[in-house]
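Below is one structure, written out as structure tokens, with a few remarks after it.
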Amino acid sequence: MKNARLNIFWIMGLVFVLIFLSLIQPVAASDIKSISVVMDDNYPPYAFRDSHGELQGITLDQWKLFELKTGIQVNITGMTWSKAYESMTQGKFDVIDTISYREERTTILDYAESYATIVVPIFFQNSISGITNVNSLKGFTVGAKKGDNCINVLRDYGITVSGQVK
């Protein structure tokens, strides 16, 4: 008798799970009519503003091609990197473009495959000698773009970032 009740319990549980799973309908790509994309508007050649203040660059060209191939409308917004990242974490956009991978970001972001490797240059006064790589920055005053992943990379190398610009 106990086994019969246990079997009925498991069968009813399985039926409930199957009914529940049949009600879940994933969003098919064809159901998506538009997406909102945010990006840094000062990241040439990927995204930047022209002399009229219009957003342009490689990523905008790629999103236009995406629209043509998929039929999905792409609404692009450009702003400072720190505001773009903050807006994305607040759920105001569907996609953030030109973001580099950082493990701690995976709790709030899903990453697609990388489509480019970007080398981050170090700019310094030509009167300063001895700076050849990230390790040689130790002891110098270093600034970076606010919210940029290079701040984390510099910290990983033990470099203190003294100032952050928008």
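Quick note: the coordinates plus some simple rules give every number you see, no bench work behind them. All figures in this text were calculated on a predicted structure; none of them were measured in a lab. Glycine gets a Cβ as well: all are built from the backbone with ideal geometry, and neighbour counts include every protein chain shown.
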Just tell me which aspartates and glutamates come within less than 16 Å, Cα to Cα, of residue 33; anything on the same chain fewer than 8 places away is out. 67, 94
Along segment 98-112, Karplus-curve 3J(HN,Hα) (6.51, -1.76, 1.60; θ = phi - 60°) to the nearest Hz, with x for Gly and Pro, reads 6, 9, 8, 6, 8, 3, 5, 7, 5, 6, 10, 10, 9, 9, 8
For segment 77-118, the Cα-Cα pair-distance distribution in 5 Å bins from 0, as whole percents, is 5, 20, 35, 26, 13, 1
Per-selection Kirkwood Rh - segment 30-86 (Cα, Å, 1 d.p.): 11.8 Å
Value in Å of the Kirkwood radius, where segment 46-166 supplies the Cα pairs that are averaged: 16.8 Å
For segment 54-115, which chymotrypsin sites (Phe, Trp or Tyr not before Pro) are both in a DSSP coil and crowded by at most 12 other Cβ atoms within 10 Å? 101, 111, 115
What is the extension gain from residue 108 to residue 70, computed as 0.36 nm multiplied by their sequence separation minus the C-alpha to C-alpha distance, in nm to one decimal? 11.1 nm
Cβ-placed point charges (K, R +1; D, E -1), dipole of segment 32-107 about Cα centre in debye, nearest 20: 180 debye
A convex hull over the alpha carbons of segment 119-166 yields, per residue, a volume in Å³ of 82 Å³
